[in-house]
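For reference, the structure discussed in these notes is given below.
The values are calculated or read from the model by the stated rules, or taken from the named source; none is laboratory data. Every value quoted in this text rests on a predicted model; they were computed, and no experiment measured them. Cβ atoms come from the backbone with ideal geometry, glycine included; neighbour counts cover every protein chain shown. When the accessible area is computed, the model is the full protein with side chains, heavy atoms only, and any ligands, DNA or RNA have been set aside. Shrake-Rupley method; radii C 1.70, N 1.55, O 1.52, S 1.80 Å.
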Amino acid sequence: MSLLRVAGRPMLASMFVTAGLNSVRAPEDVAPAAEPVVRPITERVPVLPDRTEQLVRLSGAVQVAAGVLLGIGRMPRLAALAIVGTLVPTTLAGHRFWEADDPAERTQQRIHFLKNLSMLGGLLIAADDTGASPSLVWRGRHAVHDVRRDARLVRRTARVAARPAATAGSLRAKLPH
């Protein structure tokens, strides 16, 4: 594994483990800000908890678990995608710079929004990074290619092996019984 992956993944994951722990421990601190984003989501997805605090805690738990997995390099692509799934609503709920009236507050929220957008980009790159191992799609395509090549080889071998038998059979047919 490259040194960049070994160092970069834990760096990227650290923010999500820390923020996730805060959300798990004290969801009531961010629940009011999350409410405008949580309500439309829970109305469309009935399996999610109804209470905002529960959903904030669930999102935090996903960030902690996926952050740890990403940081240690276990299932990093899936972990990065799981964090992406929590980061989008978190960003939309927590950094609504377009609603801020105070110019200083608007600037701060825009900076945090863009920081989260940057982390989202890093997570998407991590989700696409195969770590120098071929992806399942690539492996599947090449497995199909290998099976087809082997089938052609077996057909060709069977044809070549059948020629002497066919020749012997035709000679035998010509001989008197």
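Some values worked out for this structure:
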| quantity | calculated |
| --- | --- |
| Residue that is surrounded by the fewest Cβ atoms within 10 Å (Cβ to Cβ), among those in segment 37-61 that are among the aliphatic types (A, V, I, L, M) and in contact (Cβ under 8 Å) with a residue 12 or more places away in the chain | ILE41 |
| Segment 1-60, subset touching a helix residue (DSSP H, G or I) at 6+ places or on another chain (Cβ under 6 Å) and of a type in the set (S, T, N, Q), residue nearest to LEU87 (Cα to Cα) | SER59 |
| Sole exception among (1) at pLDDT 80 or above; (2) open to solvent by less than 60 Å² (accessible area, probe 1.4 Å) for SER133, by number | (1) |
| Residue check, LEU114 under 21 Å from the mean Cα position of the chain (by Cα) and either surrounded by 11 or more Cβ atoms within 10 Å (Cβ to Cβ) or in contact (Cβ under 8 Å) with a residue 40 or more places away in the chain (or both) | no |
| Residue list for segment 115-154, restricted to those being outside any helix (DSSP H, G or I) and not acidic (Asp, Glu) | THR130, GLY131, ALA132, SER133, PRO134, SER135 |
| Complete set of residues in segment 89-98 that are assigned to a helix (DSSP H, G or I) and either among the charged types (D, E, K, R) or open to solvent by less than 30 Å² (accessible area, probe 1.4 Å) (or both) | THR91, ALA93 |
| Per-region count, segment 62-108, residues in contact (Cβ under 8 Å) with a residue 60 or more places away in the chain and touching a Phe, Trp or Tyr at 6+ places or on another chain (Cβ under 6 Å) | 1 |
| Pairs where the first residue, in segment 10-29, is charged (D, E, K, R) and the second is in a helix (DSSP H, G or I) and surrounded by 17 or more Cβ atoms within 10 Å (Cβ to Cβ), C-beta under 7 Å, 6+ apart | GLU28/GLU53 |
| Residues of segment 136-159 satisfying the condition of being modelled with pLDDT of 85 or more and hydrophobic (A, V, I, L, M, F, W, C) | ALA143, VAL144, VAL147, ALA151, LEU153, VAL154, ALA158 |
| Residue count, segment 51-88 (criterion: over 18 Å from ALA31 (Cβ atoms) and either in contact with a His (Cβ under 6 Å, 6 or more places away or on another chain) or not in a helix (DSSP H, G or I) (or both)) | 3 |
| Unique match (being over 30 Å from SER135 (Cα atoms) and open to solvent by less than 40 Å² (accessible area, probe 1.4 Å)) among ALA66, ALA79, ALA13, ALA34 | ALA34 |
| Residue list for segment 1-16, filter: of a type in the set (Gly, Ala, Ser) and outside any helix (DSSP H, G or I) | SER2 |
